[in-house]
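Following: one structure in structure tokens, then a few remarks.
Computed from the coordinates by the stated procedures, all read-outs in this text should not be read as laboratory data. Because the structure is predicted, anything quoted here is derived from the model rather than measured. Positions of Cβ are backbone-derived with ideal geometry, glycine not excepted, and every protein chain shown enters the neighbour counts.
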DNA sequence: GTCGAACTACGACGATCTTCGTACATTGTG
DNA sequence: CACAATGTACGAAGATCGTCGTAGTTCGAC
């Protein structure tokens, strides 16, 4: 109870500092179709979304796992709002650490329309 | 034996067409430190290098494996010259398929000096 | 306090990945 | 031809990954 005056309670997110974001970890995190989809949707303007709002084609435990991988890689920032876990892209941090990388990946993902979108 | 008039004999490289290069496969291939190092060295101007010239800290079989992953992902082009297997980055193909992606990764790799270079 | 909603922790399973050694193939040289 | 150099094919062993179900936590509403 150390002054939790906000709606955001004291749970432990564990985000890496910008300077400690590792390239291999970022690339590895982005090499999964579901995680790439999450990042894609977050980049589409839906800045803050709860995990459930993505309607991913996997179970909730798996969903939690993917969000954690993205968070620990330094790609997204997460915080609680009520019982919901909100996610946001760390666009600026990534731009500072690896300039042009995230935009290039997002543009590439938009072009890679090999498979239309059966992951609804 | 169908007209092998070149110094390049009839071995089967198996390269994907530019249009069939898949983003997730590229990112996955680049998320390994050894493969990232290979790509980094190829991007440094050493355009055509034999596998052995990289002096990777792994066995020959492992080396073959990593080069194959890069080739099947569409990142490098390989061809034989004598008993040596030469490798070259598919810079233009990648630029056509995913504009800006490879340069961004190479720049990021250059910045990611978390670990100096103990993989000599 | 009780209940449901949203999410997490933990263990488990199967698939894939990285690595290696050994055996083999191809080329160039003597 | 024999031989060395370079690289591949084929398992095999161990690690990691993606997925899930079940049980538990936290929050908001009643």
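Structure data summary
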item: Largest-first principal axis extents of the Cα set of the stretch B:25-120 (Å); result: 34, 32, 24
item: Residues B:91, B:62 arranged by fewest to most Cβ contacts within 10 Å; result: B:62, B:91
item: Per-residue mean of C-beta atoms belonging to partner chains within 10 Å, peptide B:23-35; result: 5
item: Sequence of B:107, A:44 once ranked by neighbouring C-beta atoms within 10 Å, starting from the fewest; result: A:44, B:107
item: Spacing of the two label points (7 Å from each Cα toward its C-beta) at residue A:95 and residue B:61, in nm; result: 4.8 nm
item: Sites residue A:112 and residue B:48 - FRET efficiency at Förster radius 35 Å, r taken between beta-carbons, to 0.05; result: 0.80
